[in-house]
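Asks: Please see the structure below; I have some questions.
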Amino acid sequence: MINLRYISMLIVFSLLISCQQKEDRRPLPKVDHKDLSNLHGFNLLEKFTSLWQCEPYVERDFQLISDYGFNFVRLPMDYRCITEPGQWDLLNEAVMQEVDQALEWGEKYGIHVCINLHHAPGYCINHRGMYSADSSLWTGEAAKAAFVSLWRQMSERYKGISNDNVSFNLLNEPVGTSKEAYLEVAIRAIEAIREEDPDRLIMSDGWNVGREPIVELVPYDVVQMFRGYWPMSITHYGAGWTNNTYGPDPEWPSNQYLGQYIRSSGENGDGTPLVVKHAFNKETPAELTILRVAGDASLVVEADGREIFSKAYYPEKDEVLDREYDPETGLPVGVYVEMLNFVVPAGTGHLTVWARDGEWISFGILSVYLEGAGEDPVDIIPGNIWSNAGVPVLIRDDGFVTENAPYADWDSIYRADHLEPWINFMNEYNIGIMVGEWGVYEKAPRDVTMEWMEYMLQTWQEYDLGWAMWNFRGSFGVAENNRRDTEFTKVDGLMMDEAMLKMLEESISE
């Protein structure tokens, strides 16, 4: 006999559970290709590289990100994580179900999910030299076809899912070719996506490692991402994959006109010495930290053209901390990190540090003891880890400045050189932009990290910009890292930097 009361109870209970599940679901952010200002969140790295990590995404991350008030995740992927072994143009169904799950968690917790090819067939910003001309995304037809095919398959797979839930970020940080070559493959992928799903929201990183807007993509209604890694002397301090591993602790603000490379005046270099201008009215001790030397070179210090110190370096023969070879020149590069001491003669007006022969010598800091040994020095620290030392330095009572910009306002310089081109692009073309990656590596000093982050967040807030921090868990993130001088709190099994997290929360709540 059918128990009608029991059946009625089951129906009511099922309806209550269904309603509760719907209540548990948080609303997705409304995403418009003309305005991404409401998107704030993190990069999740479970499929970032097949070399050391290709794991399923974690629901706890989505829940915590949502609980803290954020609504965006970017999933940078290595194509080798998501394709069949040996078939770079065929998605792996089992792995893609893990990506499907990420989208479902995004919908459940009110988080927009942006899928990105960080390592595409034939190109990765971190491995630019690994592909031959035949296998390069820029010149190899097979790589181009695979890239387009992967995005077509993605488009077929997620067709019909709301743009509030998912978007496609074509390629991480294109560079190393002409912009025309990038546009060729990008437009082919865009057209393939739109053939399957005409309304899909597509994002492109800016040209030149995400630094420059791409006007040519405006007709395709493609929103664009730029980077928040400025200056890299802070954001990537101590990162082993950059040339920023051995220098002194960075400062903020830092002088971006002074680079660390003292280049040879020989045929392999362009002759950029470090020049210090000052009226040395007495003998002055100085200490110069040498970081790396490329090729057999001599460091020569001159006072008003007269040699006062020199030292020869032989990177392939010397005892060094580490040794590598320049991928372009093949020259040996030795890591020294040694301090050299010399005395600047009284009456000197120009102190010049040369690299003779070889390719270059990089320095970390020049300390000038104007008040004598044992007193506080003027520390001349290069703020640009990529450029040359060629701009003359002036010593003043309050420190040092570069001759070309003695009254540099670093806030104005950041806005003019890095931010305003993007803001002007957004306003002129009525297209959405956001900061696709930003953050500070865990080895940077705590105070510098927090001061820099506060400045960046306040500046982006002025322009109402969305952003995605690299990363959530890990060496750039708010959880599970080894930041020095940091108090961590255990939250749901994760060691969380709550002070940093609070700063991020406050920046999006104002």
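Asks: For Ala312, state whether it is in contact with a strand residue (DSSP E or B) (Cβ under 9 Å, 6 or more places away or on another chain), assigned by TED's automatic domain parsing to the domain that holds Thr284, under 30 Å from Phe280 (Cβ atoms) and not in a strand (DSSP E or B).
Replies: No; evaluated as a whole, the condition is false for this residue.
Asks: Considering only segment 96-127, state which residues are of a type in the set (Val, Ile, Thr), crowded, with 17+ Cβ neighbours inside 10 Å and assigned to a helix (DSSP H, G or I).
Replies: Within segment 96-127, Val99 is the sole residue that qualifies.
Asks: For segment 376-394, which positions are more than 23 Å from the chain's Cα centre (by Cα), surrounded by fewer than 19 Cβ atoms within 10 Å (Cβ to Cβ) and in a strand (DSSP E or B)?
Replies: Asp379, Leu394
Asks: For the subset of segment 203-256 comprising residues that are out of contact with any Asp or Glu (no Cβ under 7 Å at 6 or more places or on another chain) and of a type in the set (D, E, K, R), which member is nearest to Asn471 (Cα to Cα)?
Replies: Looking at residues that are out of contact with any Asp or Glu (no Cβ under 7 Å at 6 or more places or on another chain) and of a type in the set (D, E, K, R), I get Arg211.
Asks: Which of the residues belonging to segment 292-309 are in contact (Cβ under 8 Å) with a residue 60 or more places away in the chain, assigned to a loop (DSSP other than H, G, I, E, B) and of a type in the set (Gly, Ala, Ser)?
Replies: Listed by number, the list holds a single entry, Gly295.
Asks: Here's something else I'd like to know. Let me spell it out: the conditions are (1) in the same structural domain as Ser66 (by TED's automatic domain parsing); (2) free of Cβ contacts under 8 Å to residues at least 60 places away in the same chain, and Asn481 meets all of them except one. Which number is the exception?
Replies: It fails just one condition, (1).
Asks: While we're looking at this one, here's another question. Of everything in segment 162-186 that's among the small types (Gly, Ala, Ser) and farther than 11 Å from Ile214 by Cβ, which residue is surrounded by the fewest Cβ atoms within 10 Å (Cβ to Cβ)?
Replies: Within segment 162-186, the match that is surrounded by the fewest Cβ atoms within 10 Å (Cβ to Cβ) is Ser178.
Asks: Give me a count of the residues in segment 191-228 that are buried (at least 19 other Cβ atoms within 10 Å of the Cβ) and more than 26 Å from Lys30 (Cβ to Cβ).
Replies: 2
Quick grid of which residues meet (1) in a loop (DSSP other than H, G, I, E, B); (2) of a type in the set (Asp, Glu):
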position	(1), (2)
Gln153	no, no
Phe168	no, no
Pro174	yes, no
Glu180	no, yes
Leu183	no, no
Glu191	no, yes
Glu195	no, yes
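Asks: Would you confirm, using the coordinates I've provided, whether Asp492 is closer than 20 Å to Met225 by Cβ and either modelled with pLDDT under 95 or buried (at least 18 other Cβ atoms within 10 Å of the Cβ) (or both)?
Replies: Against the criterion (closer than 20 Å to Met225 by Cβ and either modelled with pLDDT under 95 or buried (at least 18 other Cβ atoms within 10 Å of the Cβ) (or both)), Asp492 does not qualify.
Asks: For segment 377-425, which positions are within 21 Å of Trp460 (Cβ to Cβ) and either free of Cβ contacts under 8 Å to residues at least 24 places away in the same chain or among the acidic types (Asp, Glu) (or both)?
Replies: Asp409, Asp411, Ser412, Ala416, Asp417, Glu420, Asn424 - these are the residues of segment 377-425 that are within 21 Å of Trp460 (Cβ to Cβ) and either free of Cβ contacts under 8 Å to residues at least 24 places away in the same chain or among the acidic types (Asp, Glu) (or both).
Asks: Next question. Could you please tell me which pairs satisfy a Cβ distance under 7 Å, a separation of 6+ or placement on different chains, a first residue in segment 102-114 that is farther than 18 Å from Leu201 by Cα and assigned by TED's automatic domain parsing to the domain that holds His33, and a second residue that is modelled with pLDDT of 95 or more and surrounded by 24 or more Cβ atoms within 10 Å (Cβ to Cβ)?
Replies: What qualifies is Trp105/Phe62; Tyr109/Phe62.
Asks: Okay, moving on. Among the listed residues Trp230, Trp252, which satisfies the condition of being assigned by TED's automatic domain parsing to the domain that holds His118 and of a type outside the set (Lys, Arg)?
Replies: Every option except Trp230 fails the conditions.
Asks: Ok, one more. Where residues in segment 223-252 are among the β-branched types (Val, Ile, Thr) and at pLDDT below 90, which of them is nearest to the chain's Cα centre (by Cα)?
Replies: Looking at residues that are among the β-branched types (Val, Ile, Thr) and at pLDDT below 90, I get Thr242.
Asks: Do we have Val353 as over 23 Å from Ser254 (Cα atoms) and not small (Gly, Ala, Ser) here?
Replies: no
Asks: Among the residues of segment 460-472, write down those that are surrounded by fewer than 23 Cβ atoms within 10 Å (Cβ to Cβ) and in contact with a helix residue (DSSP H, G or I) (Cβ under 7 Å, 6 or more places away or on another chain).
Replies: Once the filter is applied, which keeps residues that are surrounded by fewer than 23 Cβ atoms within 10 Å (Cβ to Cβ) and in contact with a helix residue (DSSP H, G or I) (Cβ under 7 Å, 6 or more places away or on another chain), segment 460-472 yields Gln461, Tyr463.
Asks: Here's something else I'd like to know. Give the residue that is nearest to the chain's Cα centre (by Cα), with candidates limited to residues of segment 134-143 that are more than 25 Å from Thr242 (Cα to Cα) and among the hydrophobic types (A, V, I, L, M, F, W, C).
Replies: Ala143
Asks: Regarding Gly176, is this residue within 24 Å of the chain's Cα centre (by Cα), at positive phi and not basic (Lys, Arg)?
Replies: Yes: the conditions hold for Gly176.
Asks: Go through segment 51-88 and count every residue that is of a type in the set (Lys, Arg) and surrounded by fewer than 17 Cβ atoms within 10 Å (Cβ to Cβ).
Replies: The total comes to 1.
Asks: Considering each residue of segment 407-463, count those that are in a loop (DSSP other than H, G, I, E, B), over 16 Å from the mean Cα position of the chain (by Cα) and charged (D, E, K, R), and give that number.
Replies: 1
Asks: Let me ask another. Sort through Val218, Val276 and tell me the only one that's aliphatic (A, V, I, L, M) and not assigned by TED's automatic domain parsing to the domain that holds Met450.
Replies: Unique residue meeting the criteria: Val276.
Asks: Would you confirm whether any residue within segment 200-213 is in contact with a Pro (Cβ under 6 Å, 6 or more places away or on another chain) and assigned to a loop (DSSP other than H, G, I, E, B)?
Replies: So far as segment 200-213 goes, yes, one or more of its residues are in contact with a Pro (Cβ under 6 Å, 6 or more places away or on another chain) and assigned to a loop (DSSP other than H, G, I, E, B).
Residues are listed down the side, and each one gets a yes or a no for (1) farther than 19 Å from Leu351 by Cβ; (2) loosely packed, with under 14 Cβ neighbours inside 10 Å:
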residue: Glu283; (1), (2): no, yes
residue: Leu288; (1), (2): no, no
residue: Val301; (1), (2): no, no
residue: Tyr313; (1), (2): yes, no
residue: Tyr336; (1), (2): yes, no
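Asks: Let me ask something additional. Give segment 315-370 a look and list any residue that's touching a residue at least 24 places away in the same chain (Cβ under 8 Å), in a strand (DSSP E or B) and either in contact with a helix residue (DSSP H, G or I) (Cβ under 8 Å, 6 or more places away or on another chain) or among the aromatic types (Phe, Trp, Tyr) (or both), or say none.
Replies: Scanning segment 315-370 gives Tyr336, Phe342, Trp354, Trp360, Phe363.
The values are calculated or read from the model by the stated rules, or taken from the named source; none is laboratory data. Remember, predicted model here, so these are calculated numbers, not experimental data. Here Cβ is always computed from backbone atoms with ideal geometry, including for glycine, and neighbour counts include all displayed protein chains.
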